[in-house]
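Nothing in this text is a laboratory measurement; each read-out follows from the coordinates by a stated rule. Small disclaimer: the values here were computed from a predicted structure and weren't measured. Positions of Cβ are backbone-derived with ideal geometry, glycine not excepted, and every protein chain shown enters the neighbour counts.
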Amino acid sequence: MASRPRQVSEAALALLRESDVIDLHVDSFIWTRFFGYDLNARHGAGPFGGRLMSQFDLPRAADGGWTGAQWSITTNPWRSAQGRALTLARNVTRLTRELERQGRARVVRNAAEYRQARAAGLHAALLAVQGGNAFDRDDEVLESGAISRVTLVHMTNSAVGATSSPLRLGHDTGLGPLGRTLIERLNASRTFVDLAHIGPRGFFEAADVHDEQQPLIVTHTGVSAVHASWRNLDDAQIKRVADTGGVIGVVFHGEYLSGRFWGGPLEAVVAHLAHVIRVAGEDAAALGSDWDGMIIPPAGLRSCAQLPGLVQALLDHRVSERAIQKLLGQNFLRALAQLRG
């Protein structure tokens, strides 16, 4: 690992080196699509000092100790159904090529392939889709197994369901006409159903439809008991996911963590993780940063290379080493193995 702040202890670094460290939601590919952001280049803090963008790339991920991540392909809701399907197929090919072109990463589909990539010293990349309306017409990408997870809805309503975002412009109408069918298709392909962003009514309707033998997941969220927000989960939602063997990834956006738009304290991340553990046990917590998804992380966590500082904060708050290793990656790998082996 690269040089680190002096306040990070050798114990924290040793714990990181011994751990699987997986981010459940990285959005950096959106900047590749828009501006040609190179996932293989080492970037600086960018034009906004590590806010909004320039937060994650493969060299800095290695510095920070990340061994894998779910890399998100965000759906453009303004395209036609056919356009969304065609664009998704192109983006799966493009993202795979971008991740693998310098030999730093390997795209994987299950826990066994993750282990193989790690044995080869590579970052293990799982592909994911944010916005289930990408699948209104086509099952080919799902059936290929290339996608490990689908976030049902994003920031706007779709035929899949109603978002929790204020952009829904009305009441929470729950799971949409295509939502039930999509969940059945995701279950059939053993693809994670991600309940981040969906409104509360749709959350529970989706959980009722979902195959109870497969783990649910919420990849990037906060918890309302620590800070009330339209973007965060209540305790009943946390428990519902945990009861399936699923995990809840805590987001790094300051506004959702503490209400401080400009970032807030790093300890807020610890508080949300600790609450998930209190409510659902240490097998339920995970990390889902939302790096490069227009977030403003806490100071001291403005890039993926700064993960050792979060591990130190967890140790300082008396979170056990076993629980830390679980939330860093073991919990997600267990759920992935349950889903796909």
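When the expected Rg is taken as 2.2 N^0.38 Å, what fraction or multiple of it is the alpha-carbon Rg of segment 10-340?
0.90
Hey, got a sec? Which chymotrypsin sites (Phe, Trp or Tyr not before Pro) in segment 259-306 land in a DSSP loop and have at most 14 other Cβ atoms within 10 Å?
Here the sparse-neighbourhood loop sites are Phe261, Trp262.
Pull up all non-local amide H partners of Trp291: gap of 5 or more, or a different chain, and H-to-H distance under 5 Å with H placed in the peptide plane.
Asp27
Rank the residues Val92, Val107 as a footprinting-exposure proxy: fewest other Cβ atoms within 10 Å of their Cβ go first.
Fewest-to-most Cβ neighbours within 10 Å comes out as Val92, Val107.
Does segment 257-341 come out rounded, prolate or oblate, given a ≥ b ≥ c as the square roots of the eigenvalues of its C-alpha gyration tensor, rounded meaning a/c under 1.5 and, failing that, prolate meaning a/b above b/c?
Prolate, since a/c reaches 1.5 and a/b exceeds b/c.
For Ala188, what is the net charge nearby, where nearby means another residue's Cβ is under 10 Å from its Cβ and Lys, Arg count +1, Asp, Glu -1?
Computed value for this residue: -2.
Would you mind counting up the charge near Thr75? Only other residues with Cβ under 11 Å from its Cβ, with Lys and Arg at +1 and Asp and Glu at -1.
+1
Can you list residues whose amide H is under 5 Å from Gly246's amide H, if they're 5+ apart or on another chain and H is modeled 1.01 Å from N?
Amide H neighbours of Gly246, under 5 Å, 5+ apart: Leu216.
Of all the Cα-Cα pairs you can form in segment 40-169, what percent are over 20 Å apart?
Summing the P(r) of segment 40-169 above 20 Å gives 52 percent of all pairs.
Could the peptides 66-77, 224-235 be put in order, highest first, of the mean number of other beta-carbon atoms found within 10 Å of their residues?
Output ranking for 66-77, 224-235: 66-77, 224-235.
In nm², what is the average projected area of the convex hull enclosing the Cα atoms of segment 8-114?
Over every viewing direction, the Cα hull of segment 8-114 projects on average to 8.4 nm².
Along segment 281-297, what does the Karplus equation 6.51 cos²θ - 1.76 cosθ + 1.60 (θ = phi - 60°) give for ³J(HN,Hα), rounded to whole Hz, x for Gly and Pro?
x, 6, 7, 9, 8, 7, 10, x, 4, 6, 3, 6, x, 6, 9, 10, x
So how do Met294, Met155, Met53 line up by other beta-carbon neighbours within 10 Å, fewest first?
Met294, Met155, Met53
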